[in-house]
Amino acid sequence: MAEIAVTGLGLLTPAGAGVDATWRRVCEGGSTVAATHADLAGLRVDFCCAIPELDMSGLGRRTVYRLDRFTRLALLAAREALADSGLDAASWDGARVGVVMGCGLGGAATWEKQHARLLERGPAAVSPLLLPMMLPNMVAGEVALAFGARGPGCVTSTACASGATAISVARDLLTSHQCDVVIAGGTESLNTPLIVTGFANLGALSTRCGDPAGASRPFDADRDGFVMAEAAGILVLERAADAAARRRRPRALLVGCGSSNDAHHPTAPHPEARGAREALHKALDDAGFAAGDVDHVNAHGTATLLNDTMEAKAISAVLPDGPPVTSTKGVLGHSLGATGAVEAALTVLAIEHSTIPPTANLDSPDPAVDLNFVTKTALHQPVRAALSNSFGFGGYNVVLAFRAV
């Protein structure tokens, strides 16, 4: 199968605006959790990881007004990714450019705000922009509109694997020659009272309100749930031969994808990691990697009791040589539908910089979790082949395989 070049990256995360700001903070290993977020005051969980104040004036006042935050984040990240790729949207053949975005829910903030208006002031107060603002599919449409991408477009919704699923679908569009370029990634902004309360009542969130900076603890014995976050991650993907033809050196190559479903439980992963192991094997086979070839695993690592135990079983079983493992959710929190794309981008950067970031707050690894974790400080070593794991409610498992150029 054709190798796919990653020629552009764009990131907006709680670590900052842009790839460089995010990479620097992730390598430093410091938490980005904001204590007592204003929108969450008084709730059982009142903290989250939020993107620092953004300058959105470049999008135009009218665009900012009519779009929910999750779409604005995607547009800004896509701008950075396209600039990074060296492609010119003004001169490309838009019919050969696709857009695939991952998003778990869509415009929840708009939904909650407009529902409150309905209850308080009646139907006339509800914005006519409600549906185009909140529908998750609109993010791919808005990115296509902004950059004249007239090829295939869609939004994937596989919960917390959505961003990784989008990248996998984008690869299929390129290898089948339906597109020459695909703008792919994920976006999510769900730090809202209703959504945070829903996850908290489900028992998925950390309730460490007295120590929010230490709340996201992937694989730690003292973990008690994930920390909500918002983010957008965008990759510009092309066939490697096309990138070479325009003399563009890729940041890394996407060489394999593996997907599966647990078919086990709506929210709990399979206890023996059946689906996760299957996805890992598929990704290795697709990439042509032997287990011993893998130099790094960017783990899903949510800091929930069930996920981390399950994922550790899968990694140990499929990769017995013990490659260095990290979870960047200790720094960035869990951005749900965006996280698979954000972590794919960070895996590309690990390859490019020969650096594996540490797992923040991993002070005492769970005795039941036996992996070669990177902790405290970044590990500097060649990363020739790496995997990025993503798992989601509904039993979705997606593993992306990257290698150095």
Notebook entry, point to check: Is it possible to state the helix-based mean residue ellipticity at 222 nm for the chain, with each DSSP H run of 4+ residues giving -39500 (n - 2.57), the sum divided by total residues, to the nearest 500 deg cm²/dmol? What is it?
Noted result: -10500 deg cm²/dmol
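Between ALA290 and ALA368, what is the FRET efficiency for a Förster distance of 22 Å, r being their Cβ-Cβ separation, to the nearest 0.05?
With R0 = 22 Å, the Cβ-Cβ based efficiency is 0.20.
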Item checked: For region 117-176, alpha-carbon Rg over 2.2 N^0.38 Å -> 1.54
Notebook entry, point to check: If you take every DSSP beta bridge whose two residues both sit in region 253-403, what share of them, in percent to the nearest 5, is antiparallel?
Noted result: 70
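How large is the Kirkwood hydrodynamic radius of region 306-405, counting all unique pairs of alpha carbons, in Å?
Result for region 306-405 stands at 14.1 Å.
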Notebook entry, point to check: Using the alpha-carbon centroid of each, what span in Å lies between region 1-40 and region 184-218?
Noted result: 17
Notebook entry, point to check: Which of the aspartates and glutamates could a cross-linker span from LYS376 if the Cα-Cα distance has to be under 14 Å and same-chain partners fewer than 8 positions apart are dropped?
Noted result: GLU28, ASP220, ASP363
Next item on the list: Please identify every one of the trypsin sites (Lys or Arg not before Pro) in region 213-251 that sits in a loop by DSSP and has no more than 12 other beta carbons within 10 Å of its own beta carbon.
Entry: ARG246, ARG247
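Considering only DSSP beta bridges whose two residues both sit in the chain, what percent are antiparallel, to the nearest 5?
Of those bridges, close to 65 percent are antiparallel.
Can you give the direction-averaged projected area of the convex hull of the alpha-carbon atoms in region 113-228, in nm²?
Orientation-averaged projected area of the Cα hull: 10.8 nm².
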Check: Most exposed first by the Cβ proxy, i.e. fewest other Cβ within 10 Å, how do ASP84, ASP363 rank?
Finding: ASP363, ASP84
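Please report the projected area of region 4-245's Cα convex hull averaged over all directions, in nm².
Seen from a random direction, the Cα hull of region 4-245 projects 14.4 nm² on average.
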Check: What is the antiparallel percent of DSSP beta bridges lying wholly in region 4-245, to the nearest 5?
Finding: 60
Next item on the list: Provide the FRET efficiency to the nearest 0.05 for the ASP172-ALA125 pair, computing r from the beta carbons and using R0 = 56 Å.
Entry: 0.80
Checklist line | Virtual spin-label span in nm between LEU145 and GLN381, 7 Å along Cα→Cβ | finding: 4.9
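Each reported figure results from applying straightforward, stated rules to the coordinates on display, with no laboratory input. Every value quoted in this text rests on a predicted model; they were computed, and no experiment measured them. Quick reminder, even Gly has a Cβ in these numbers, built from the backbone with ideal geometry, and neighbours come from all protein chains shown.
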